[in-house]
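J.: Pasting a structure below so you can have a look.
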Amino acid sequence: MSATIRQLEIFNAVVESGQVTKAAKNLFLTQSAVSLALSEMENQLGGPLFDRSGRCLELNDRGRYFLPLSREILDKLEDLNSLMNEKDGQFAGSLNLVASSTIGNYVLPYLITAFRSMHPDVHFNMLVYNTKTAEKLIVDRAVDLGFVEGEVNNEQVVVKNWFQDELVLISRPQNDTNSAILCDVKTDLKKFKWVMRESGSGTAQIFKSKLGKHVTDLNVVMELGHTEAIKKAVEAGAGIGCLSKLTVCRAINRGWLQQIPLLGVDTKRQLSVIIHKNKAKTRLIHEFLDFCFLLSECSEGRSCLSSPEDFQHLVLEFTSKE
């Protein structure tokens, strides 16, 4: 007898919760039913998948090998259900997205709002992580689509260029407007105290690759895991930062932060959409991707994508007509 779809679902639920009791609660099953399903599946597969320590279950080497295979089967089944249930002109379903910090906090909320105004039966779940984690979630097939600002090189992932962003240097506003700060990449980087994103973020990755040897031995006084934390630290005078223009344009326009011209280097970067190479593209995925790329290709949409404040006005104007 082969493992059943229900057994695969139970196996994945136990992996996610780490306990039979919690998995049973999440699946609305009895604890004995979950334990029996696991035991039967392990017998069918020729051995244990977990190391057991009291109530806790940890995947062993066989379980770690089996996990991505089981997830792939369940993903394909979900794709099949979605494909078979779609009707002409109607989009209903759920999209699971992951986005790196800049895109997830400053771009996608507006895109999702505009898309749902046209397709109100579509539900979105979005996770916000750095590029490295977003790539792993795509490889593990834990989400449908990813939107990232860093480099992705895994052979299991298809990368599509979306639109360009720019990294800018920011400082606390200067009281003397006549003493403008400039930063020459060849001579001035080591003069400043730096507040940086954590290792693994797309912003930190691109900053280091763009500036190359010039980033060696910088005086980094803080490494913070969130863009807003960096903005607040810079505003308080802790040092200067390097962030996406998407994230700071509003603060610069309102005088809360000051942009420092960076001479001698091009700081533009490519934002990308990523998807697992074996992911079946449902009509809903096609429709949402077409919507995202249409905005990045038309002049009005492209200018608004580059300025979340302008994009917010565009979305509000658009949705008010619905």
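The values are calculated or read from the model by the stated rules, or taken from the named source; none is laboratory data. As the structure is a computational prediction, the values presented were derived from the model and not from experiment. All Cβ positions, glycine included, derive from the backbone under ideal geometry; neighbour counts span all protein chains shown. Surface areas here come from the heavy atoms of the whole protein model, side chains and all, with no ligands, DNA or RNA. Shrake-Rupley method; radii C 1.70, N 1.55, O 1.52, S 1.80 Å.
J.: Taking interchain pairs and intrachain pairs at least six residues apart, which have beta carbon atoms under 7 angstrom, with the first residue in region 183-197 and farther than 14 Å from Ile170 by Cα and the second open to solvent by 40 Å² or more (accessible area, probe 1.4 Å) and among the acidic types (Asp, Glu)?
T.: Lys190/Asp217
J.: Can Leu189 be described as under 15 Å from the mean Cα position of the chain (by Cα), surrounded by 14 or more Cβ atoms within 10 Å (Cβ to Cβ) and over 20 Å from Leu246 (Cβ atoms)? Let's see the steps before the verdict.
T.: On the way: under 15 Å from the mean Cα position of the chain (by Cα): no; surrounded by 14 or more Cβ atoms within 10 Å (Cβ to Cβ): yes; over 20 Å from Leu246 (Cβ atoms): yes.
Considered against the rule, which asks whether it is under 15 Å from the mean Cα position of the chain (by Cα), surrounded by 14 or more Cβ atoms within 10 Å (Cβ to Cβ) and over 20 Å from Leu246 (Cβ atoms), Leu189 comes out as no.
J.: Between Gly200, Gly225, Gly212, which is farther than 20 Å from Val148 by Cβ and within 29 Å of the chain's Cα centre (by Cα)?
T.: Gly212
J.: Which one is most open to solvent (accessible area, probe 1.4 Å) among residues in region 200-230 that are within 21 Å of Asp188 (Cα to Cα) and charged (D, E, K, R)?
T.: Just the residues of region 200-230 that are within 21 Å of Asp188 (Cα to Cα), to begin with: 203-223, 230.
The next check asks that each one be charged (D, E, K, R); those that pass are 208, 210, 213, 217, 223.
Working: Lys208: 105, Lys210: 73, Lys213: 164, Asp217: 123, Glu223: 120 Å².
Out of the qualifying residues, it is Lys213.
J.: For the structure I just gave you, tell me whether Gln270 is open to solvent by 30 Å² or more (accessible area, probe 1.4 Å), at pLDDT 85 or above, part of a strand (DSSP E or B) and farther than 24 Å from Phe115 by Cβ. Write out each step before concluding.
T.: Details: open to solvent by 30 Å² or more (accessible area, probe 1.4 Å): yes; at pLDDT 85 or above: yes; part of a strand (DSSP E or B): yes; farther than 24 Å from Phe115 by Cβ: no.
Judged against the criteria, Gln270 is not a match.
J.: Count, please, the residues in region 133-172 that happen to be of a type in the set (S, T, N, Q) and open to solvent by less than 60 Å² (accessible area, probe 1.4 Å). Don't jump to the end; show me each part of the working.
T.: Taking region 133-172 and keeping what is of a type in the set (S, T, N, Q), we get 133, 153-154, 156, 161, 164, 171.
Imposing the further condition that a residue be open to solvent by less than 60 Å² (accessible area, probe 1.4 Å) reduces the set to 133, 154, 156, 171.
Looking only at that region, the number is 4.
J.: Looking at the structure I just gave you, is Ala238 in contact (Cβ under 8 Å) with a residue 12 or more places away in the chain and part of a helix (DSSP H, G or I)?
T.: When the stated conditions are applied, Ala238 does not pass them.
J.: Further question: Restricted to region 111-132, and to residues that are out of contact with any strand residue (DSSP E or B) (no Cβ under 7 Å at 6 or more places or on another chain) and open to solvent by 50 Å² or more (accessible area, probe 1.4 Å), which residue is nearest to Arg64 (Cα to Cα)?
T.: The residue in question is Lys132.
J.: Let me ask something else about it. Being of a type in the set (Asp, Glu) and not in a loop (DSSP other than H, G, I, E, B) narrows it down to one residue among Asp217, Asp165; which is it?
T.: Details: Asp217 fails: not in a loop (DSSP other than H, G, I, E, B).
Just a single option satisfies the conditions, and that option is Asp165.
J.: Still on this model: Out of Ile285, Ile252, which single residue is over 20 Å from Leu111 (Cβ atoms) and surrounded by 14 or more Cβ atoms within 10 Å (Cβ to Cβ)?
T.: Of Ile285, Ile252, the one residue that is over 20 Å from Leu111 (Cβ atoms) and surrounded by 14 or more Cβ atoms within 10 Å (Cβ to Cβ) is Ile252.
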